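K.L.:
Pasting in a structure now, in structure tokens, and then I'll have a few things to ask.
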Amino acid sequence: MQSETPKKQKPFPTHIIVFLAPAVIVYTIFMIIPLADSLRLSFLAADTGQFVGLQNYRTLLTDNLWSDQFWNAFRNNVQFFLIHMVVQNSIALFLAALLSRRSLRGTSVYRTVFFMPTVLSVVIIGFIWQLILSPLWGITEGFMGFFGLEHYFQPWLGLESTALNTISLISVWQFIGIPLLLFYAALISIPDELIEAAYVDGATSWTVFWRIKFPLILPTVGIVAILTFVGNFNAFDLIYTIKGALAGPNFASDIMGTMFFRTFFGQQLQLGNAAMGATVAAMMLLIILAGVIVYLVGWQRRITTYEV
């Protein structure tokens, strides 16, 4: 009996390291290292630089000087997210359902029009909408007057009760193209045979959408939801462009991103506090991680079980 020759092990594919190295190095330098250093800074005292453990977090959550600002920013951030989740994603799903109809012509034009605000500079968008909504030289009051609704016009960006909602709707207008294209891509990937069979069985368009199409795009719905959550709890630029770091009036439009910027870098008479700013950033990270974990455990697992 001849002994079997041992199989040669395949050499390690070193070319993978060559392709991954640039991305890993860049991501580590610009993401991992700053994140780790920010977390380290949140455990240090602002004045002495000594290690103080969780003292900054206790100050942020319980001290009246900080907690009022933090919980106000957190509530506003939740409201900012819910408006996007309900208004933006619902309208995007509705538009995607219309654009996915085979009988509709010019879908590429409509997709371009809806997606165009997404690629515009946030500075341009903030400036334009300030002009449009201005009670002095804006066109909104005159446009509403054309329909006899001028008595409903208010300086929405200048009122505490409406500033955050108005900015949220501007943000919805800007970013609605992203969930729209995701929903559209999921809807057009559904086999035509399923839809045709449902119509043959006498199903209406409403029944086909909610009983066939919507269950099949639930994974995409989950992805859009978590992207909306992460994006809105990282939001900063539009509110800063329109209302500045103070997020007025009277912090009515303040969210965690603007609070972090104002705390870390300072604003007007407020000196910057790097340690507390890093603490705010760490709380943002914890909130986003909690949302991602809920998505992975509570949603993704159920969808996987449903598909199986």
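The values are calculated or read from the model by the stated rules, or taken from the named source; none is laboratory data. Remember, predicted model here, so these are calculated numbers, not experimental data. Note that we place each Cβ from the backbone using ideal geometry, even for glycine, and neighbour counts take in every protein chain shown.
K.L.:
What are the residues in segment 197-207 that are farther than 18 Å from PHE94 by Cβ and surrounded by 10 or more Cβ atoms within 10 Å (Cβ to Cβ), if any?
P.N.:
ALA197, ALA198, TYR199, ALA203, listed by residue number.
K.L.:
Only one of ALA97, ALA45, ALA36 is more than 29 Å from GLY231 (Cβ to Cβ), surrounded by 10 or more Cβ atoms within 10 Å (Cβ to Cβ) and hydrophobic (A, V, I, L, M, F, W, C); which?
P.N.:
ALA45
K.L.:
Turning to a different aspect of this structure: Kindly indicate which of ARG102, ARG111 is surrounded by 17 or more Cβ atoms within 10 Å (Cβ to Cβ) and at pLDDT below 95.
P.N.:
The match here is ARG111.
K.L.:
Here is a follow-up. For segment 55-77, give me each residue that is of a type in the set (A, V, I, L, M, F, W, C) and either surrounded by 14 or more Cβ atoms within 10 Å (Cβ to Cβ) or touching a Ser or Thr at 6+ places or on another chain (Cβ under 9 Å) (or both).
P.N.:
Result: LEU60, LEU61, LEU65, TRP66, PHE70, ALA73, PHE74.
Matching residues to (1) touching a residue at least 40 places away in the same chain (Cβ under 8 Å); (2) in a helix (DSSP H, G or I); (3) charged (D, E, K, R):
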residue	(1), (2), (3)
SER103	no, no, no
VAL109	no, yes, no
PHE114	yes, yes, no
PRO117	yes, yes, no
VAL123	yes, yes, no
ILE128	no, yes, no
ILE132	no, yes, no
TRP137	no, no, no
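K.L.:
Would you call LEU93 within 23 Å of PHE261 (Cα to Cα) and within 25 Å of the chain's Cα centre (by Cα)?
P.N.:
So LEU93 does not fit the description; no.
K.L.:
Please verify whether segment 224-233 includes one or more residues that are of a type in the set (Gly, Ala, Ser) and under 15 Å from LEU60 (Cα atoms).
P.N.:
no
K.L.:
When you scan segment 238-308 for helices (runs of 4 or more DSSP H) that lie fully inside it, which ones turn up with 3 or more residues that are over 21 Å from LEU227 (Cβ atoms)?
P.N.:
256-265, 274-294
K.L.:
Pairs, please: C-beta under 7 Å, at least 6 apart or cross-chain, first residue farther than 19 Å from PRO117 by Cα and in segment 86-100, second β-branched (Val, Ile, Thr)?
P.N.:
Matching pairs, first to second residue: SER100/ILE188.
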